[in-house]
1. Give me the accessible area of Arg112, 1.4 Å probe, in Å² rounded to the nearest 10.
2. What number, rounded to the nearest 500 deg cm²/dmol, is the helix-based mean residue ellipticity at 222 nm of the chain, given -39500 (n - 2.57) per DSSP H run of at least four residues and division by all its residues?
3. When the expected Rg is taken as 2.2 N^0.38 Å, what fraction or multiple of it is the alpha-carbon Rg of the stretch 56-135?
4. What accessible area per residue comes out for the chain, rounded to a whole number of Å², with a 1.4 Å probe?
5. Below 8 Å, C-alpha to C-alpha, sequence gap of six or more: please give me the relative contact order for the stretch 34-130 in percent.
6. Once the convex hull of the C-alpha atoms of the chain is built, how many Å³ does it hold per residue, rounded to a whole number?
7. Percent of accessible area on the chain owned by carbon and sulfur, 1.4 Å probe?
8. Compute, for the stretch 1-130, the length of the dipole vector about the Cα centre, with Cβ point charges of +1 (Lys, Arg) and -1 (Asp, Glu) only. Units Debye, rounded to 20.
Amino acid sequence: MLKQIANLHKLCFPNKPWNADEFASLQKSGCEILASDNGFIVFRCAADECEIITIGVAPYARGTGVASTLLHLMENDLKNKNIKKIFLEAADDNQPARALYKKHGYKQIGVRPKYYDDIDAIVMEKILSNEFQNA
């Protein structure tokens with residue numbers, strides 16, 4: 001399965017593809033992976049927080065709801081695990097990703113200058129628990 005995810009990652013990120021060994025290392029470090037034939041999401045939880053490491057959808061399947069479905073499945077799983085917050089970084093110039101996250105309730109909470117070489121990362125967060133809504 002990790003080989004298929006690595007092949008899919010290469011389609012999504014041809015300039016910096018991860019191989020199956022890298023995905024295996026991510027799993028060993030505590031990351032979880034949800035995947036379909038057309039997309040994947042990698043995330044890691046600690047205490048009551050989660051970080052999305054990466055999400056990818058094959059170019060031929062973009063705009064079909066694959067990323068939204070993966071986010072929905074992950075968030076439902078996280079709620080069942082009592083996760084309260086989700087964090088991620090998205091490249092400032094990746095408008096499709098930022099729009100996807102905004103559509104799903106993620107809000108910008110910071111910027112990491114030049115995080116992706118010369119491109120800033122937009123730090124985003126989503127609160128899953130009402131307990132933290134007013135914190």
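The values are calculated or read from the model by the stated rules, or taken from the named source; none is laboratory data. Just so we're clear, the structure is a prediction, and the values are computed from it rather than from any experiment. Glycine also receives a Cβ, built like all others from the backbone with ideal geometry; neighbour counts cover every protein chain displayed. Please note that ligands, DNA and RNA were not included when accessible areas were found on the heavy atoms of the full protein model with its side chains. Shrake-Rupley method; radii C 1.70, N 1.55, O 1.52, S 1.80 Å.
1. Using a 1.4 Å probe on the heavy atoms, I get roughly 100 Å².
2. Helix-only estimate at 222 nm: -10000 deg cm²/dmol.
3. Dividing the Cα radius of gyration by 2.2 N^0.38 Å gives 1.18.
4. 60 Å²
5. That works out to 25 percent.
6. In the chain, the Cα hull volume divided by residue count equals 115 Å³.
7. 49 percent
8. The dipole of the stretch 1-130 has a size of about 260 debye.
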